[in-house]
Amino acid sequence: MASVSAVYDTLKDLVNKDQNGFITPSIFNNFAQMAQVRIFNRLFDDIKNAKRVSKAGFNPGRDKDAIKRIEEDLAYFSSLEVIDKAVNDVFAKPDDLARIISMTTDNPIISNQSYRRNIEIVYDEEKIERILLSDISAPSEDFPVALVSRDIEVFPSNVEVIRLRYYKFPESVDYQGVKSANPPQYAVTTVGGVETFNAANSYDFELPDHYLEDLVIEIAQLAGTNLRDQFVSTMVQGEQTERSKERTF
């Protein structure tokens, strides 16, 4: 996972002008989680672009396959949750849900034969009404359908438990490598007026190591825009231009 210490030190070296300590730990921590979420959300746009390029016949394949690389990165955020139906006949979404991957019933596996059924996912209330009123495509135990809105409603109504695979929002990793619900944080200990890195109270990013440079640029952009610092904004624009060029090859 991307080290919060490495990201902070790189950012500080990159944008601190005249050694005035422009990027303080407090400023860094204010934008670290937002930067991580923005990069995470961008992965879904990147995979769409990669698939479009691949369809045009420009996929190099193997380890240079952009789709494969992005899917490997998204796999860090894949999660599975078994959800029981609530008293109001709906299924509550996980608090950390970002994007749904798939949904099935939680029927048992007997004699190596699975009785689970894929659940078709619908996000349009008008469409679910057409499905429910249809004589041909009405939901059944073999072909259940879910309406995803604020909650999850599954048809037919006798489905009591679902298995939801989804991408969760990124959080952080503590200094022992254990996933944590805390946001990324660069903690310090002050002794004699001197701040030193406190690993025990810090949390690394959940993004892989190779996103270190992206995190540095993203946090610098957020900090520069928020503080209206022209130096930082100009620096970030240059770095983003270089990164965009790299992504085109």
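The values are calculated or read from the model by the stated rules, or taken from the named source; none is laboratory data. Predicted model, so just to flag it, every value in this text is computed and none were measured. Here Cβ is always computed from backbone atoms with ideal geometry, including for glycine, and neighbour counts include all displayed protein chains.
Residues of the range 120-139 that are among the β-branched types (Val, Ile, Thr) and part of a helix (DSSP H, G or I): 128, 131.
Residue by residue through the range 95-119, note down the ones that are part of a loop (DSSP other than H, G, I, E, B) and not charged (D, E, K, R). Once the filter is applied, which keeps residues that are part of a loop (DSSP other than H, G, I, E, B) and not charged (D, E, K, R), the range 95-119 yields 107, 108, 111, 112, 115, 119.
Among residues of the range 168-184 that are part of a strand (DSSP E or B), those with a Cβ under 8 angstrom from a residue that is at pLDDT 90 or above and charged (D, E, K, R), sequence gap 6+ or separate chain, pair up as 168/96; 172/204; 172/206; 173/204; 173/206; 174/204; 179/206.
Looking at the range 194-206, can you tell me whether even one residue there is surrounded by fewer than 17 Cβ atoms within 10 Å (Cβ to Cβ), modelled with pLDDT under 90, farther than 30 Å from residue 85 by Cα and not acidic (Asp, Glu)? Yes; the residues of the range 194-206 include at least one that is surrounded by fewer than 17 Cβ atoms within 10 Å (Cβ to Cβ), modelled with pLDDT under 90, farther than 30 Å from residue 85 by Cα and not acidic (Asp, Glu).
Restricting attention to the range 75-92 and to residues that are in contact (Cβ under 8 Å) with a residue 40 or more places away in the chain and in a helix (DSSP H, G or I), the residue that is farthest from the chain's Cα centre (by Cα) turns out to be 76. Suppose we filter 132, 147 for residues that are outside the structural domain of residue 204 (by TED's automatic domain parsing), modelled with pLDDT of 95 or more and more than 30 Å from residue 5 (Cβ to Cβ); which single one remains? Unique residue meeting the criteria: 147.
Checking every residue in the range 173-180 against the condition of being modelled with pLDDT under 95, under 31 Å from the mean Cα position of the chain (by Cα) and over 21 Å from residue 79 (Cβ atoms) gives at least one match. Of all the residues in the range 122-138, those that are surrounded by 14 or more Cβ atoms within 10 Å (Cβ to Cβ) and within 21 Å of residue 93 (Cα to Cα) number 2. Would the range 219-241 turn up any residue that is of a type in the set (D, E, K, R), part of a helix (DSSP H, G or I) and modelled with pLDDT under 90? Scanning the range 219-241, I find at least one residue that is of a type in the set (D, E, K, R), part of a helix (DSSP H, G or I) and modelled with pLDDT under 90, so the answer is yes.
Looking at residue 123, is it closer than 27 Å to residue 2 by Cβ and in contact (Cβ under 8 Å) with a residue 12 or more places away in the chain? Criteria not met by residue 123.
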